[in-house]
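S.K.: Have a look at this one before I ask anything.
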Amino acid sequence: MAKTWQTLVDEAREILQDTDSDSYRLQDSAFINFMNRGLQAMATVRPDVFWDTFATDNIVVPEVTDGTLGDAFPFDVTFYHPLVHYVAGAAEILDDEFTTDGRAMALLNTFKQTLVSI
Amino acid sequence: MVALSAWLKDALVATPGATRAVVKRELINTAREFYRETTALREFVGPLTVAADDETYDMNTYISTPSSYEVVTVLSASLNQIPLVRLPDRPHGPYSESETPNQYFVLPASVVNLWPRPMSQLDDSLTVHVALIPKESVTTLPDDAALLYYDALRDGLMGRMHGHPTKPYTNPILAQYHLRRFWNAIGKARAAVKTADARGLSWRFPGFGK
């Protein structure tokens, strides 16, 4: 099944155990913000991921919106799971409990480590 | 013609986490550098008709595959099978005219400028030997790239990729190893092109000494 921005949100929800659609803890709008921040962080660490978006004199970091959640993930699938980790880690930071801080940092560190090392 | 995928597939093993478009771009850059340094890709252009009062001829418009290659340098030129003398630069002063120009200069890299200017038309008279490099948009390379220079191009590609900073495939030691092999291969290819790859002994004992 082709990956989309929506499947990225869904997989992050699985990590967060926030899959009950009747009572989500976080709405899709929050995840959209996390994804956009993650894309910007990815552009800082790995600008070559956005190679094909280069126009005039710089890369163009895409911005996910409510209306584009169904669009296909435009980059190589190897950069999909780091972004899932980033979104899940960023969502964990919102939770104020001590036990989730460790998970948040682990997920965010995994995001960066996966982009720059094996 | 050989597809770029031959090298791109081999590069998969050593470049985990690489953006494939970047690998392709580096392969093309490697091929351009290799052929620019060795002038191993050559073509005879012509015989072209020299028009009266027209001294400039852009070789890029006459090569057989202008969509894939471009002229990087002019190696030699002849008019009616008589070699033309190459001038290092445009001579000073205005253009003079002649029935049969005997010199030429190249300015810019792909444009042959006859000197003096031809007075009359010379049908099928101009032959030019040029060196080519692949264009940045190329999707295939010449057959000899796979037959003779496969490992050289692979070393150049790997050297460039391993030299990228802060990537999963970054490895400065491997980068130096591959680039050293690449540069050595350029030297060998350049020598082979000069000697037409005649690897046998070309020296013979002079007759007066026998």
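S.K.: Quick check on my filter: what residues within the range B:65-106 are part of a loop (DSSP other than H, G, I, E, B), over 24 Å from B:Q121 (Cβ atoms), free of Cβ contacts under 8 Å to residues at least 60 places away in the same chain and hydroxyl-bearing (S, T, Y)?
M.R.: Once the filter is applied, which keeps residues that are part of a loop (DSSP other than H, G, I, E, B), over 24 Å from B:Q121 (Cβ atoms), free of Cβ contacts under 8 Å to residues at least 60 places away in the same chain and hydroxyl-bearing (S, T, Y), the range B:65-106 yields only B:T65.
S.K.: Looking at (1) of a type in the set (K, R); (2) within 14 Å of chain A (Cβ to nearest Cβ); (3) free of Cβ contacts under 8 Å to residues at least 12 places away in the same chain, can you tell me which one B:R20 breaks?
M.R.: The one condition B:R20 does not meet is (3).
S.K.: Quick one: would you say B:E70 is within 14 Å of chain A (Cβ to nearest Cβ), of a type outside the set (G, A, S) and either surrounded by fewer than 19 Cβ atoms within 10 Å (Cβ to Cβ) or closer than 30 Å to B:A175 by Cα (or both)?
M.R.: Taking the combined requirement at face value, the residue does not satisfy it.
S.K.: If the requirement is being over 17 Å from B:T19 (Cβ atoms), over 11 Å from the mean Cα position of the chain (by Cα) and touching a residue at least 24 places away in the same chain (Cβ under 8 Å), which of these qualifies: A:T65, A:T56, A:T114?
M.R.: None of the others qualify; the one that does is A:T65.
S.K.: Every residue in the range B:1-17 that is free of Cβ contacts under 8 Å to residues at least 60 places away in the same chain and more than 14 Å from chain A (Cβ to nearest Cβ), please.
M.R.: Passing the criteria: B:S5, B:K9.
S.K.: Still on this structure: Could you list all residues from the range B:42-52 that are in contact with a Pro (Cβ under 9 Å, 6 or more places away or on another chain) and either surrounded by fewer than 22 Cβ atoms within 10 Å (Cβ to Cβ) or aromatic (F, W, Y) (or both)?
M.R.: If the condition is that a residue be in contact with a Pro (Cβ under 9 Å, 6 or more places away or on another chain) and either surrounded by fewer than 22 Cβ atoms within 10 Å (Cβ to Cβ) or aromatic (F, W, Y) (or both), then B:A51, B:A52 are the ones that fit.
S.K.: Further question on the same structure: Could you grab me the full set of residues in the range B:151-199 that are farther than 21 Å from B:R42 by Cβ, out of contact with any helix residue (DSSP H, G or I) (no Cβ under 7 Å at 6 or more places or on another chain) and not in a helix (DSSP H, G or I)?
M.R.: Residues satisfying the conditions are B:H164, B:P165.
S.K.: Give B:E37, B:E55, B:E33 a once-over and let me know the one that is more than 14 Å from chain A (Cβ to nearest Cβ), among the charged types (D, E, K, R), surrounded by 13 or more Cβ atoms within 10 Å (Cβ to Cβ) and under 22 Å from B:N113 (Cα atoms).
M.R.: Answer to the selection: B:E55.
Where a number appears in this text, it was derived from the coordinates with a stated rule and is not lab data. Everything quoted here is computed from the prediction, not taken from an experiment. Ideal geometry is used to build each Cβ from the backbone, glycine not excepted, and the neighbour counts take in all protein chains shown.
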